[in-house]
Amino acid sequence: MTALIDLSLLRSSPSVSPFSIPHHQLPPRSRKPFRLRCSVAEGPTISSSKIDGGESSIADCVVVGGGISGLCIAQALATKHRDVASNVIVTEARDRVGGNITTVERDGYLWEEGPNSFQPSDPILTMAVDSGLKDDLVLGDPNAPRFVLWEGKLRLVPSKPTDLPFFDLMSIAGKLRAGFGAIGIRPPPPGYEESVEEFVRRNLGAEVFERFIEPFCSGVYAGDPSKLSMKAAFGRVWKLEEIGGSIIGGTFKTIQERNKTPKPPRDPRLPKPKGQTVGSFRKGLTMLPEAIANSLGSNVKLSWKLSSITKLGNGGYNLTFETPEGMVSLQSRSVVMTIPSHVASNLLHPLSAAAADALSQFYYPPVASVTVSYPKEAIRKECLIDGELKGFGQLHPRSQGIETLGTIYSSSLFPNRAPSGRVLLLNYIGGATNTGILSKTEGELVEAVDRDLRKMLINPNAKDPLVLGVRVWPKAIPQFLVGHLDLLDTAKMALRDSGFHGLFLGGNYVSGVALGRCVEGAYEVAAEVKEFLSQYAYK
């Protein structure tokens, strides 16, 4: 699952990319082309067959996993690197694409049960435009307020520097501590990999951590900031101190370096979002994976579950799948694994026990999404702006006695998400600090969310909510814990050192958990695949 709430002021951006292959370690080119072989059988004997009745040929790349990462990698190869990757196949074990992106429409409501939105960076806008969705993009109001619960009150989060002196989420002493720390008046780095909590407390003080960063970690990772790695989870902010001696110093240096290197012209096809906003599509996030799958056509194989992968003598790979038609084998020059790390671990164990062991250690806590609706009259008057519930949503620090991680004001954020007079609220509960949700019934999860909402947003005497959907994700979001990047490097190096060139790792545990980072990471993986195929592909 991608990030729950793309509300964070700190975007997830671990400094990782698929492993590159040293030239001297690459296998020699094959003298003869080898052909894609698709074999189908009802029993243990596999007989020769062709895909879709066409001529058999070797695939340039098989992308295992039809979630947003896998689909975007295939789309990036098709749109940017078709000269070396004209035959790309995406396989998905489930009967639909999109992974944990789950949009539901019913009775005049439209809601998400996985990730809810994205930050409209150029990579994800490019992916949307290339997929024919430019006219279906919807962007939230950049001025929509965001709130954090503190001491029983929903308090406004500052959206611009001029708000900083006036907001009441922090004390004057806390603001001064943060300001001094940001310019470098704070303890030096300790010389070891810090958790998010350690980094933020040292640089910006206790109040910034407790009232901003801790709830943001819950919103983005559903994680425990005392265990999350600052370097892995929020790498761009972590790097500021490293390159500039302080957060402010690093910011200035980054701006200076950016100004020295003029940006290439921006794609004129892309819309220009205003301010700090979030995006979706007219009929929800599911429109993106479905549009990509439609553009890839028959190269997307649903209900294909990978059962084994082996290295061929000529340098390629043979992949065997369980499909509705029986066992099918494909041969490919390169493979990208975008399935969850624990699934990849099981499949890669026969190839490299060291890589499999590293991948098995990534942790995915459970998260539940609970979607409910109330009449507009149920909202507390003090929470209304001009008589309406306006804003992005709210986050709840763990210290405030609220079980729900956060609440998205879905009907306020994007148009046509609820009938007139109704308010649609998407709530997330669970995460690394509350794994007990797995033992709760759907009714108990709804009761917990409704009880929490009545403490700060909903009138205590309001009628019971209309329950639209409850979705429990037992393994929701990979946690970028301290040591995450080392484990990832271990897995990649183990595959490389064992000679498995052209086998790439992708997905949210590699690129980052925010939906936008998954798309950015997809372009990065596609570029690595292109480099491999263009320089070392078997001709």
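The values are calculated or read from the model by the stated rules, or taken from the named source; none is laboratory data. If you're wondering where the values come from, they're calculated on a predicted model, not measured in any experiment. Here Cβ is always computed from backbone atoms with ideal geometry, including for glycine, and neighbour counts include all displayed protein chains. Accessible surface areas use protein heavy atoms only, side chains included; no ligands, DNA or RNA. Shrake-Rupley method; radii C 1.70, N 1.55, O 1.52, S 1.80 Å.
Key figures for this structure:
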| read-out | value |
| --- | --- |
| Residue check, GLN394 in a strand (DSSP E or B) and more than 14 Å from ASP450 (Cα to Cα) | yes |
| Test: GLY502 is crowded, with 22+ Cβ neighbours inside 10 Å, among the small types (Gly, Ala, Ser) and closer than 13 Å to ILE68 by Cβ | no |
| Candidates PRO145, PRO225 - the one that is open to solvent by less than 20 Å² (accessible area, probe 1.4 Å), within 24 Å of the chain's Cα centre (by Cα) and either free of Cβ contacts under 8 Å to residues at least 60 places away in the same chain or farther than 25 Å from PRO478 by Cα (or both) | PRO225 |
| Number of the condition not met by LEU154 [criteria: (1) open to solvent by less than 40 Å² (accessible area, probe 1.4 Å); (2) modelled with pLDDT under 95] | (2) |
| Leading residue by the ranking (surrounded by the fewest Cβ atoms within 10 Å (Cβ to Cβ)) among those in the range 355-391 that are assigned to a loop (DSSP other than H, G, I, E, B) and of a type in the set (Phe, Trp, Tyr) | TYR363 |
| The lone exception for MET230 - which of (1) in contact (Cβ under 8 Å) with a residue 40 or more places away in the chain; (2) open to solvent by less than 20 Å² (accessible area, probe 1.4 Å); (3) touching a Phe, Trp or Tyr at 6+ places or on another chain (Cβ under 9 Å) it fails | (1) |
| Residues (surrounded by 12 or more Cβ atoms within 10 Å (Cβ to Cβ) and farther than 24 Å from LEU413 by Cβ) located in the range 424-443 | ALA432, THR433, ASN434, THR435, ILE437, LEU438, LYS440, GLU442 |
| Any hit, the range 251-273, residues being at pLDDT below 95, in a loop (DSSP other than H, G, I, E, B), polar (S, T, N, Q) and open to solvent by less than 20 Å² (accessible area, probe 1.4 Å) | no |
| Positions within the range 410-443 being without any contact (Cβ under 8 Å) to a residue 40 or more places away in the chain, within 21 Å of the chain's Cα centre (by Cα) and either closer than 16 Å to GLY469 by Cα or not assigned by the TED database to the domain that holds ARG380 (or both), in sequence order | none |
| Every residue from the range 430-446 that is in contact with a strand residue (DSSP E or B) (Cβ under 6 Å, 6 or more places away or on another chain) and of a type in the set (A, V, I, L, M) | ILE437, LEU445, VAL446 |
| Which numbered condition GLU447 fails, given (1) in a helix (DSSP H, G or I); (2) buried (at least 18 other Cβ atoms within 10 Å of the Cβ) | (2) |
| Checklist (1) on the phi > 0 side of the Ramachandran plot; (2) at pLDDT below 95 applied to GLY205, failing item | (2) |
| Residue tally, condition closer than 29 Å to GLU444 by Cβ, in contact with an Asp or Glu (Cβ under 9 Å, 6 or more places away or on another chain) and of a type outside the set (A, V, I, L, M, F, W, C), over the range 344-373 | 3 |
| Where a residue in the range 86-113 is farther than 25 Å from PHE414 by Cα and in contact (Cβ under 8 Å) with a residue 12 or more places away in the chain and its partner, wherever it lies, is surrounded by fewer than 23 Cβ atoms within 10 Å (Cβ to Cβ) and of a type in the set (Gly, Ala, Ser), with Cβ under 6 Å and at least six apart | ASP95/SER303 |
| Pick from the range 76-108, criterion open to solvent by less than 10 Å² (accessible area, probe 1.4 Å) and in a helix (DSSP H, G or I), ranking: farthest from SER334 (Cα to Cα) | ALA76 |
| Matching residues, the range 305-350, being hydrophobic (A, V, I, L, M, F, W, C), assigned to a loop (DSSP other than H, G, I, E, B) and open to solvent by less than 30 Å² (accessible area, probe 1.4 Å) | ILE339 |
| Matching residues, the range 450-459, being open to solvent by 90 Å² or more (accessible area, probe 1.4 Å) and in contact (Cβ under 8 Å) with a residue 60 or more places away in the chain | LYS455 |
| Filtered residue count, the range 477-496, keeping only those that are within 17 Å of VAL196 (Cβ to Cβ) and either of a type in the set (Val, Ile, Thr) or open to solvent by 50 Å² or more (accessible area, probe 1.4 Å) (or both) | 4 |
| Flag if ALA462 is assigned to a loop (DSSP other than H, G, I, E, B), in contact (Cβ under 8 Å) with a residue 12 or more places away in the chain and of a type outside the set (Lys, Arg) | yes |
